[in-house]
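Have a look at the structure below, then the notes.
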Amino acid sequence: MRGPSWTPRLPDGLLGFGLALLLAIALVVISELGYGRATRQLDELVLMGQSRLELARVARRISDAESSQRGYLLTARPDYLAPYQAARNDVERGLQRLAELHARRQPEAAGADADLDADRADLKALGDEARTKLSEMNEVLGLFELGRREAATELMLTG
């Protein structure tokens, strides 16, 4: 004769509690993963916004330098050189800030490294163009200071 068959069984309340606990843990894990992803995306958007603002500042300061240079060329008043010099310095600081912002970016997905490399190349090209423009403005001022006003004007008008 066989004895009664016995299988371990959890009380209904404990089984329900275990399932609820497992579900709660799964929800917390999913929530944390989503939060981490949303935080990374928000950080990336903040960096993009800061980069756009800095880029606009660089463009504005190049324009300010050009305007001050032209004011000096038209009037020969040295008080136009201080805003010119300040704008030049701001352009360099802005380019440095753009490089710092770019360095903070992190690739998130496959192929993102290529995007970052392309952005790095664009940033280098921007810096090269801005420095070339500032160098040309310096050359115009140098010609003007040497008394070669017509050559300075001609160089400035070549664009």
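The values are calculated or read from the model by the stated rules, or taken from the named source; none is laboratory data. Please read these numbers as outputs of a predicted model, since none were measured by experiment. Cβ: placed from backbone, ideal geometry, glycine included. Neighbour counts: every protein chain shown. The area values use the complete protein model at the heavy-atom level, side chains included, leaving out ligands, DNA and RNA. Shrake-Rupley method; radii C 1.70, N 1.55, O 1.52, S 1.80 Å.
Things to note:
- Set Gly34, Gly3, Gly49, Gly18: member being modelled with pLDDT under 85 and either hydroxyl-bearing (Ser, Thr, Tyr) or in a helix (DSSP H, G or I) (or both): Gly18
- Screening region 19-62 for residues that are of a type outside the set (A, V, I, L, M) and in contact with a Leu (Cβ under 9 Å, 6 or more places away or on another chain) and picking the one that is most open to solvent (accessible area, probe 1.4 Å) gives Gln50.
- Per-region count, region 23-43, residues under 29 Å from the mean Cα position of the chain (by Cα) and not charged (D, E, K, R): 9
- Across region 137-158, a minimum of one residue is classified as under 27 Å from the mean Cα position of the chain (by Cα) and within 30 Å of Ser51 (Cβ to Cβ).
- Leading residue by the ranking (modelled with the highest pLDDT) among those in region 79-128 that are in contact with a Pro (Cβ under 8 Å, 6 or more places away or on another chain) and either of a type in the set (Val, Ile, Thr) or open to solvent by 80 Å² or more (accessible area, probe 1.4 Å) (or both): Asp115
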